[in-house]
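**Q** Below you will find the structure I want to go over with you.
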Amino acid sequence: MACLLETPIRMSVLSEVTASSRHYVDRLFDPDPQKVLQGVIDMKNAVIGNNKQKANLIVLGAVPRLLYLLQQETSSTELKTECAVVLGSLAMGTENNVKSLLDCHIIPALLQGLLSPDLKFIEACLRCLRTIFTSPVTPEELLYTDATVIPHLMALLSRSRYTQEYICQIFSHCCKGPDHQTILFNHGAVQNIAHLLTSVSYKVRMQALKCFSVLAFENPQVSMTLVNVLVDGELLPQIFVKMLQRDKPIEMQLTSAKCLTYMCRAGAIRTDDNCIVLKTLPCLVRMCSKERLLEERVEGAETLAYLIEPDVELQRIASITDHLIAMLADYFKYPSSVSAITDIKRLDHDLKHAHELRQAAFKLYASLGANDEDIRKKIIETENMMDRIVTGLSESSVKVRLAAVRCLHSLSRSVQQLRTSFQDHAVWKPLMKVLQNAPDEILVVASSMLCNLLLEFSPSKEPILESGAVELLCGLTQSENPALRVNGIWALMNMAFQAEQKIKADILRSLSTEQLFRLLSDSDLNVLMKTLGLLRNLLSTRPHIDKIMSTHGKQIMQAVTLILEGEHNIEVKEQNIYSRNTWASKQNSRSLCHAGQA
């Protein structure tokens, strides 16, 4: 049965299925093998660069017949090879074409073809597999279903420069997490691919480099192995450093910088190593300049943000390298005004990358301002920076909104900025809108930032309280996401610090004692600690203790006693004992005052 396109076939499409298209398919069923071979060759020539012809042939059932011929033992090697070439060409059409090929179980057929002794046929199958696996509609898991596939691909790496290029490209696209990294690592990916970095073929070197970047990402085991690998007497990091020199292609510089960045973040290379401070960081800053293509600027900024994120000294060095902070402001100027662009292709290109540029800039600003007060000040003083961040909070792109919130959260760690710029731009207003309806990944960062805006010295605290923040935060404490529960209770704790009795009563009423006690028995340690902190802030003065303990005293003391008797670490018990003793001493003091008056 023919494998049909998933989208409904309109009559207009069917009318375009020409007689010549039918003729190509009919020739695949000719009893003469030579005529079948010539038919496949003619089909190959007909579909090159012609997506309409490709769709027509798929609709007419060419794929099942091509796969049948490819797998038949009686088919000549030349016919099998030509069939693999045509299937590869069909896969280079639309995503619907790839879906149709997958529906016809093309991957098992091509993997079976890799067992052939004929190199040309193997290369054709690999080329087709490369095209299919690099499509976004292909599940990566299909590569790992059969445990014999990966070791066989490793063995094929030595056959030719084409098998090296295609297999490395398949690996780099299908390695999407720690499980995949482990499988490839355990089957000798590092040893089998390392020597390819010295290949005479640029394409092979690049695909090998990309393989190492995905293998090393957030993987200490792979990274610690890579740092000690020797290739022709040179350590791998030294080879990566050579590959990011200015005279190398930009693609190679960027990918090498990624490899060194990921190895550094995984702990295999020190952050103060010269290859990071003097080579990788300056290379990534160069990628952010106006001279680079927009996609290169995006990749450079995002990689640099990841490199410097946890290290204060790298943040300081980056901030003074090539005027980076001012350079990033240019990321917000795309697309250029329509009147200034006469080339429609350039406008389309700018529009395509505008969201990615803003996202990358926000990410890098967030990393730069994570720790240093002077850097935060420079960022905020950059041209229209606060307005851009506030605008970013309402972007249609979830990724841009998330990056904008992260940037704002990073800058909100500054006491001075909380009192000045954040108040001048009423940042709390768009933030509260974000918190009303957003995915969890945005809610986690936005609620964490709200904790900072609710500190006692923040001018935003009062208007946030008036906007209904108590109910919103109490709602977060009921989330299934532990990070949201922590942030919800943390913000309430900040809100209750030195607050009036009315605010504390509102918190208790909205939260309810039942939810409070559920939080005190939460399995997440951070939730428990912040709940104890909230209780301590709610019961911080004698009148407040009297008021709250008169109605909830028995339940509160029972809860803290259960925590003290439970299997909790010393930090929790210290916080618990401190809180209990504070409440008890203030109550006893109050009782003694009453006794003296009597």
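The values are calculated or read from the model by the stated rules, or taken from the named source; none is laboratory data. Just so you know, these numbers come straight off a predicted model, no measurement behind them. With ideal geometry, Cβ positions are generated from the backbone for all residues, glycine too; neighbour counts draw on all protein chains shown. SASA here: full protein model, heavy atoms, side chains in, ligands and nucleic acids out. Shrake-Rupley method; radii C 1.70, N 1.55, O 1.52, S 1.80 Å.
**Q** Work out the charge dipole of the chain with +1 on the Cβ of Lys and Arg and -1 on the Cβ of Asp and Glu about the Cα centre, then indicate which of T182, Q436, F171 is farthest towards its positive end.
**A** Q436
**Q** Separate question: As I understand it, the value is the acute angle between the Cα axis of helix 77-91 and the longest principal axis of the Cα atoms of the chain; what does it come to in degrees, rounded to 10?
**A** Helix 77-91 sits roughly 40 degrees off the main axis of the chain.
**Q** Kindly express, to the nearest 10 degrees and within the range 0 to 90, the angle between helix 202-216's C-alpha long axis and the longest C-alpha principal axis of the chain.
**A** Once rounded, the angle reads 30 degrees.
**Q** Let me ask something else about it. How high is the relative contact order of the chain? Use alpha-carbon pairs under 8 Å, at least six apart in sequence, and give a whole percent.
**A** 5 percent
**Q** Show me, bin by bin at 10 Å from 0, the whole-percent P(r) of the stretch 75-147 based on Cα pairs.
**A** 21, 55, 24, 1
**Q** Note the per residue figure in Å³ for the convex hull of the C-alpha positions in the stretch 434-508.
**A** 77 Å³
**Q** Any chance you could give the angle, 0 to 90 degrees and rounded to 10, that helix 33-47 forms with the longest Cα principal axis of the chain?
**A** Approximately 50 degrees, to the nearest ten.
**Q** For the chain, what is the charge dipole size about the Cα centre, in debye to the nearest 20, if Lys and Arg each add +1 at the Cβ and Asp and Glu each add -1 at the Cβ?
**A** The calculated dipole for the chain is roughly 800 debye.
**Q** Kindly write out, for the stretch 432-441 in residue order, the coupling ³J(HN,Hα) from the Karplus curve 6.51 cos²θ - 1.76 cosθ + 1.60 (θ = phi - 60°), rounded to whole Hz, with x marking Gly and Pro.
**A** Values, residue by residue: 5, 5, 4, 6, 6, 7, 8, x, 4, 4 Hz.
**Q** Could you report the accessible area of R406 in Å², rounded to 10, computed with a 1.4 Å probe on the protein chains as they sit in the structure?
**A** It works out to around 110 Å².
**Q** For the stretch 193-267, which chymotrypsin sites (Phe, Trp or Tyr not before Pro) are in a loop by DSSP, counting at most 12 other Cβ atoms within 10 Å? List each step's numbers first, then the result.
**A** Numbers: sites: Y202, F212, F217, F240, Y262; in loops: F217.
Here no chymotrypsin sites (Phe, Trp or Tyr not before Pro) fit, given the DSSP loop and packing criteria.
**Q** Another question about this same structure. Can you compute the charge dipole magnitude of the stretch 319-440 about its Cα centre, using +1 on each Lys and Arg Cβ and -1 on each Asp and Glu Cβ, nothing else charged? Give it in debye, rounded to the nearest 20.
**A** Taking the Cα centre of the stretch 319-440 as origin, the dipole is about 340 debye.
**Q** Enter the accessible area of D146 (Å², nearest 10), with the probe set to 1.4 Å and all protein chains included.
**A** Accessible surface of D146 is approximately 80 Å².
**Q** Further, regarding this structure: With every protein chain left in place and a probe of 1.4 Å, what is the accessible surface of K242, to the nearest 10 Å²?
**A** About 90 Å², ignoring ligands and nucleic acids.
**Q** Follow-up. What do you reckon, how do T74, T477, T134 stack up by accessible area (1.4 Å probe), largest on top?
**A** Working: T74 125, T477 0, T134 45 Å².
Result of the area sort, largest leading: T74, T134, T477.
**Q** Okay, moving on. Accessible area per residue of the chain at 1.4 Å probe, in Å²?
**A** Here the residues of the chain average 46 Å² of exposed surface.
**Q** Using a/c under 1.5 as the rounded threshold, could you call the chain rounded, prolate or oblate? The axes a ≥ b ≥ c are square roots of the C-alpha gyration tensor eigenvalues, and prolate needs a/b larger than b/c, oblate otherwise.
**A** prolate
**Q** From the protein chains alone at 1.4 Å, what is the descending order of accessible area for M493, M154, largest first?
**A** Greatest to least solvent exposure: M493, M154.
**Q** How many angstrom separate the Cα center of the stretch 439-486 from the Cα center of the stretch 202-230?
**A** Cα centroid of the stretch 439-486 versus Cα centroid of the stretch 202-230: 41 Å apart.
**Q** If you don't mind, there's one more thing I want to ask. Leaving out ligands, DNA and RNA, what percent of the accessible area of the chain is carbon and sulfur, probe 1.4 Å? Please list the in-between numbers first.
**A** Values: 14270 of 27640 Å².
Using a 1.4 Å probe with all protein chains present, the chain comes out at 52 percent carbon and sulfur.
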